[in-house]
1. Quick check, is residue 49 modelled with pLDDT of 70 or more, in contact with a Lys or Arg (Cβ under 7 Å, 6 or more places away or on another chain), closer than 30 Å to residue 4 by Cα and part of a loop (DSSP other than H, G, I, E, B)?
2. Which condition from (1) of a type in the set (D, E, K, R); (2) under 21 Å from the mean Cα position of the chain (by Cα); (3) at pLDDT 75 or above is the one that residue 44 breaks?
3. Filter segment 21-38 for residues that are charged (D, E, K, R), within 18 Å of residue 2 (Cα to Cα) and open to solvent by 100 Å² or more (accessible area, probe 1.4 Å) and give the result.
Amino acid sequence: MPIYEYECAKCHRRTSVLTTRVSERVRVRCGHCGNRKLNRLMSRFAMPRSEEARLDSLGDASTFSDYNERDPKSIGKVMRKLGREMGDEMSGPDFEQAIEDVESGALDESSDAGDDDF
């Protein structure tokens, strides 16, 4: 039974639809806002990896070799790499929005107060 993913043209959120067979025609509706105008997405190919394998790939020295904790773009780059390695647990529009907020400097720098205490 295939699962198809769609992105809503109105709210840009994803909706998944399970069908009983490939040839089945589906009238899909956004599960978030009810809109009927959706675009079918190309699904990612999933290859299961153990948590150990994911962490091993992050342990590669090149992962953080050019990381600069004071550069928002550098932080965003590392967050994206972590997101790719962790898979579905760290993906989606909320995660991408958080990265964009970091990269743009939209986070309140006063939240760094007290970080030197560690």
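1. Working: modelled with pLDDT of 70 or more: yes; in contact with a Lys or Arg (Cβ under 7 Å, 6 or more places away or on another chain): no; closer than 30 Å to residue 4 by Cα: yes; part of a loop (DSSP other than H, G, I, E, B): yes.
So residue 49 fails the test.
2. The number of the failed condition is (3).
3. Quick first cut of segment 21-38, residues charged (D, E, K, R) only: 21, 24-25, 27, 29, 36-37.
Right, trim to within 18 Å of residue 2 (Cα to Cα) and you get 21, 24-25, 27, 29.
If the condition is that a residue be charged (D, E, K, R), within 18 Å of residue 2 (Cα to Cα) and open to solvent by 100 Å² or more (accessible area, probe 1.4 Å), then 21, 25, 27, 29 are the ones that fit.
The values are calculated or read from the model by the stated rules, or taken from the named source; none is laboratory data. The model shown is predicted, which means the values in this text are computed figures rather than measured ones. Methodologically, a virtual Cβ is constructed for each residue, glycine included, from the backbone with ideal geometry; neighbour enumeration extends over all protein chains shown. Keep in mind that these areas ignore ligands, DNA and RNA; they rest on the heavy atoms of the full protein, side chains included. Shrake-Rupley method; radii C 1.70, N 1.55, O 1.52, S 1.80 Å.
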